[in-house]
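Trainee: Below is the structure I would like to discuss, written out as structure tokens.
The values are calculated or read from the model by the stated rules, or taken from the named source; none is laboratory data. Remember, predicted model here, so these are calculated numbers, not experimental data. Methodologically, a virtual Cβ is constructed for each residue, glycine included, from the backbone with ideal geometry; neighbour enumeration extends over all protein chains shown.
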Amino acid sequence: MANTPINRLIEAFHRLPGIGPKSAQRFAYYVLRAPEEEARDLADALIEVKRSVVLCQRCQNLTDKNPCWICLDESRNRTIICVVEEPLDVQAIERSGGFNGLYHVLHGVISPSDGVGPEELKISELLIRIRDIDKEIIEIIVATNPNLEGEATSMYLAKLLQPLDLSVTRLARGLPAGADLEYADDVTLGRALEYRQKV
Amino acid sequence: MPSRIPRVTKTVAIVLKSRRLGDADRIITLLTPFRGKIDVIAKGLLRPRSKMAGHLEPLTMTEVLLAHGRTMDLVTQAQSVETFAVLHNDLQHLSTAMYLLELTDRLTVEHADATEIYEILERSLRALAREDGIQLVTRRFELDLLTVTGFRPELDRCLETGEPVAADEAFWTHRGGGVISSDALANYPEARKIDSHVLRVLRAYQSLSYEEASRIRIDPDLAGRLEQVMHEFVRTQAERDLKSAEFVEESRRVSLGVDAESDA
């Protein structure tokens, strides 16, 4: 492919996750046909996000202020930390409106088949934070995904945090809204029965 | 006449790993008895209402219906047969199971008969779930898997001379693939003296039946040295670091640390 500006743009879009060659071409031609102002806005947004967004020194979430607004918010419950895999999980839990504590983002999950062990995650930052910064913490909620890697990570964290005399909990597991019992796997159904609630 | 590939096949499989494909799909690596290791696509697995998600989790034995695709087969139905649920309740058991899956993945090739490998993995996961003992299950698994994949370590005779080597006088070479006598040291500069207790236990694990081997009692210190030798050996044969081996060691360190503190 010739090294022309349009081909360079197609190639740049193609590098994005989940974008195939056809989608990359469509995006590139959309940008070409769009007003110059729109293209400039896109370029500015890309450059700004790279320049201004950093990891919060406390919770490791993505932020343009350090510490982030959640860590600085005095109205939040500062005795609970919810540990999540990715920054997107913070957004999902915030959207639910069911949690008003602090967060800690691991930036991944223990996944040996992908070459990720505990040392690749922000676990040491969590320990330092609990010991030296947020000393009033009494509960850690491990909100990793309910899969093999998420379970390994939550069990590892529970063992690691046990000497600190904190309450370590994890999100309940059961059937998602709209699910069919008929298609539920044994582990999910077993947990749903184990943690059943009074109606 | 070339045999026609059936449009749909049904097989039992153990899920070795999975990786994301686009927004909601996943590529699942399955170990099947007759088709060996295969990558298949499972559509919509990341959607909350997916009917197959729980049945295609790694460390699940599952019966799948596969539609033949041009590059990869598509999973159209999945029903878990065994979820090894008890392994999900303990960090050391779970990390060991992850190690068994990763080692199987590393030492097997795609689209080749894997009946024996499948049996070894299934048997080992069931033994682990029965709480037969992590050391016994893991070391037997490693030795059995290495044997059927052509990497069987030579534990009794010198690799160079073919003569029997006494456990007290044996040297160990990962690269060579087993023990050597002191006479052969010149050709294996990386060889090191092997702990005679470690070698005796490995010999017993390799030659005795599973029931006989299960009667051998080993203390935690010896277990650690056994693990070290075998992890080094499989790393060399797999030609790469096994992250799950490191995680097994780290899980034991964390678990023992906690237990030691609670005992004190």
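Trainee: Scan segment B:151-206 for residues that are among the hydroxyl-bearing types (Ser, Thr, Tyr) and crowded, with 20+ Cβ neighbours inside 10 Å and jot them down.
Mentor: B:173, B:205
Table: residues versus (1) modelled with pLDDT under 85; (2) under 17 Å from residue B:145 (Cβ atoms); (3) assigned by TED's automatic domain parsing to the domain that holds residue B:51.
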position: B:2; (1), (2), (3): yes, no, no
position: B:12; (1), (2), (3): no, no, yes
position: B:17; (1), (2), (3): no, yes, yes
position: B:22; (1), (2), (3): yes, no, yes
position: B:28; (1), (2), (3): no, no, yes
position: B:38; (1), (2), (3): no, no, yes
position: B:41; (1), (2), (3): no, no, yes
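Trainee: May I pose another question? Is there a residue being closer than 27 Å to residue B:49 by Cβ and either away from chain B (no Cβ under 11 Å) or of a type in the set (Lys, Arg) (or both) anywhere in segment A:155-165?
Mentor: Checked against the condition, which is being closer than 27 Å to residue B:49 by Cβ and either away from chain B (no Cβ under 11 Å) or of a type in the set (Lys, Arg) (or both), segment A:155-165 yields no hits at all.
Trainee: Any residue in segment B:112-131 that is touching a residue at least 60 places away in the same chain (Cβ under 8 Å), more than 16 Å from the chain's Cα centre (by Cα) and surrounded by 15 or more Cβ atoms within 10 Å (Cβ to Cβ)?
Mentor: no
Trainee: Are any of the residues in segment B:219-232 within 14 Å of chain A (Cβ to nearest Cβ), surrounded by 13 or more Cβ atoms within 10 Å (Cβ to Cβ) and either modelled with pLDDT of 95 or more or touching a helix residue (DSSP H, G or I) at 6+ places or on another chain (Cβ under 7 Å) (or both)?
Mentor: Scanning segment B:219-232, I find at least one residue that is within 14 Å of chain A (Cβ to nearest Cβ), surrounded by 13 or more Cβ atoms within 10 Å (Cβ to Cβ) and either modelled with pLDDT of 95 or more or touching a helix residue (DSSP H, G or I) at 6+ places or on another chain (Cβ under 7 Å) (or both), so the answer is yes.
Trainee: Are any residues in segment B:86-114 closer than 15 Å to residue B:61 by Cβ and not aliphatic (A, V, I, L, M), and if so, which ones?
Mentor: Of everything in segment B:86-114, those that are closer than 15 Å to residue B:61 by Cβ and not aliphatic (A, V, I, L, M) turn out to be B:88, B:104.
Trainee: Of the residues that make up segment B:196-205, is at least one farther than 30 Å from residue A:160 by Cβ and in contact with a Pro (Cβ under 7 Å, 6 or more places away or on another chain)?
Mentor: no
Trainee: May I pose another question? Condition check: among the aliphatic types (A, V, I, L, M), assigned by TED's automatic domain parsing to the domain that holds residue A:78 and over 24 Å from residue B:60 (Cα atoms). Does residue A:148 satisfy that?
Mentor: Spelling it out, it is not the case that residue A:148 is among the aliphatic types (A, V, I, L, M), assigned by TED's automatic domain parsing to the domain that holds residue A:78 and over 24 Å from residue B:60 (Cα atoms).
Trainee: While we're on this one: Which of the residues spanning segment B:90-114 are under 20 Å from residue B:136 (Cβ atoms) and either in a strand (DSSP E or B) or facing another protein chain (nearest Cβ under 9 Å) (or both)?
Mentor: B:90, B:91, B:94, B:95, B:97, B:98, B:99, B:101, B:102
Trainee: Do we find a residue being in the same structural domain as residue B:145 (by TED's automatic domain parsing), of a type in the set (Gly, Ala, Ser) and exposed (fewer than 14 other Cβ atoms within 10 Å of the Cβ) anywhere in segment B:245-258?
Mentor: no
Trainee: Here is a follow-up. Are any residues in segment B:63-91 closer than 14 Å to residue B:127 by Cα and not hydroxyl-bearing (Ser, Thr, Tyr), and if so, which ones?
Mentor: Residues satisfying the conditions are B:82, B:84, B:85, B:86, B:87.
Trainee: Restricted to segment B:186-199, and to residues that are at pLDDT 90 or above and hydrophobic (A, V, I, L, M, F, W, C), which residue is nearest to residue B:219 (Cα to Cα)?
Mentor: For segment B:186-199, the residue satisfying everything is B:198.
Trainee: What are the residues in segment B:40-62 that are within 14 Å of chain A (Cβ to nearest Cβ) and either over 16 Å from residue B:16 (Cβ atoms) or aromatic (Phe, Trp, Tyr) (or both), if any?
Mentor: B:44, B:46, B:47, B:48, B:49, B:50, B:51, B:52, B:53, B:54
Trainee: Among all residue pairs at least 6 apart or on different chains, which show Cβ distances below 9 Å where the first residue, located in segment A:173-184, is touching a residue at least 24 places away in the same chain (Cβ under 8 Å) and the second is assigned to a loop (DSSP other than H, G, I, E, B)?
Mentor: Here the result reads A:173/A:146; A:173/A:195, each pair linking segment A:173-184 to a residue that is assigned to a loop (DSSP other than H, G, I, E, B).
Matching residues to (1) of a type in the set (Asp, Glu); (2) more than 12 Å from chain B (Cβ to nearest Cβ); (3) more than 19 Å from residue B:20 (Cα to Cα):
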| site | (1), (2), (3) |
| --- | --- |
| A:111 | no, no, no |
| A:118 | no, no, yes |
| A:122 | no, yes, yes |
| A:128 | no, yes, yes |
| A:143 | no, yes, yes |
| A:150 | no, no, no |
| A:167 | no, yes, yes |
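Trainee: A further question on this structure: Every residue in segment B:32-63 that is crowded, with 23+ Cβ neighbours inside 10 Å, part of a strand (DSSP E or B) and in contact with a Ser or Thr (Cβ under 6 Å, 6 or more places away or on another chain), please.
Mentor: B:62, the sole residue that qualifies.
Trainee: Restricted to segment A:51-90, and to residues that are under 18 Å from residue A:142 (Cβ atoms) and free of Cβ contacts under 8 Å to residues at least 24 places away in the same chain, which residue is surrounded by the most Cβ atoms within 10 Å (Cβ to Cβ)?
Mentor: Only one residue tops the list, namely A:86.
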